[in-house]
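> This is the structure I have questions about; it appears just below.
Read-outs: derived from the displayed coordinates by stated rules, not from any lab. Quick caveat, the model's predicted, so the values are computed rather than measured. Every residue, glycine among them, receives a Cβ derived from its backbone with ideal geometry; neighbour counts consider all protein chains shown.
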Amino acid sequence: MPNWPKIVREGLENCGLPLPQRDEVIRELAAHLEETCEHARSNGLDEAAAVEFTLQAVSDWPVLAAEICRAKSKEYPMNHRTSTLWLPALASFGSASLFLLALTWISRQPFYLVRLQAGLAFWFYVAWLLAQVLCGALGAFLSGRAGGTSTARIAAASFPAIVMLGLWAVVIPVSALAEHNIYVTQHPVRHALGIFVWVLPPAFALLLGATPFLKEQNPQQA
């Protein structure tokens, strides 16, 4: 007899459901196909004909996968999005923010405050970048564990850099204009340099940390 769970799993490979829901769908659909096949055999068909008859019911796997995903997403729209994107993104952003806050507090201590002007600031920045690797890994791991797609894992991991980009590209210029602060308008190059310092290297570090968790696992491996 065919391995119905394996057939269903391969057919629903591109279904973007969380792993627990995908396993549940695979079990239910495999049991249904097995019942259909057994029923066909009890009606006089041989095994090969019964299998062919059963597979005709699901001849278009992409359409079936899309319909299942659409139905399940309507049942759990916020739960899936929240568990695979927003909560991992907040975890990544929160951990990055806490580490930056800790570095800021340490740098303001008298022992380090004097040494910051002697090149120690560079090493503080390097330490923050290294921490982004762990923050990106955390976001991608949590998203992947919840069944998030590769896109969701990348978004969750890089969320701190996305926030920083919004801060430098939108919040700071708008605030400067609202408060009539002419520093940004008079020094646009320095402001743009902030994006290269506080957005691009951290984004690279976050994605570097997320890389080991970007491969979508087969339900049997999860």
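> Which log10 I(q)/I(0) values, to two decimals, does the stretch 146-191 give at q = 0.18, 0.29 Å⁻¹ under the Debye formula with one point per Cα?
Per q value, in the given order, log10 I(q)/I(0) is -0.61, -0.99.
> Still on this model: Determine ³J(HN,Hα), in whole Hz, for all residues of the stretch 168-181 in sequence, where each value follows from phi through the Karplus function 6.51 cos²θ - 1.76 cosθ + 1.60 and θ = phi - 60°; x replaces Gly and Pro.
For the stretch 168-181, the Karplus curve yields 6, 8, 10, 4, 5, x, 5, 5, 5, 5, 5, 9, 6, 8 Hz.
> Per residue of the stretch 120-125, what does 6.51 cos²θ - 1.76 cosθ + 1.60 with θ = phi - 60° give for ³J(HN,Hα)? Whole Hz please, x for Gly and Pro, Karplus curve as stated.
5, 4, 4, 6, 5, 5
> Once label points are set 7 Å from the Cα along Cα→Cβ at both residue 171 and residue 6, what is their separation, rounded to one decimal in nm?
Taking the two extended label points, one gets 5.3 nm.
> What spacing in nm lies between the two simple spin-label points modelled at residue 102 and residue 49, each 7 Å away from Cα in the Cβ direction?
7.0
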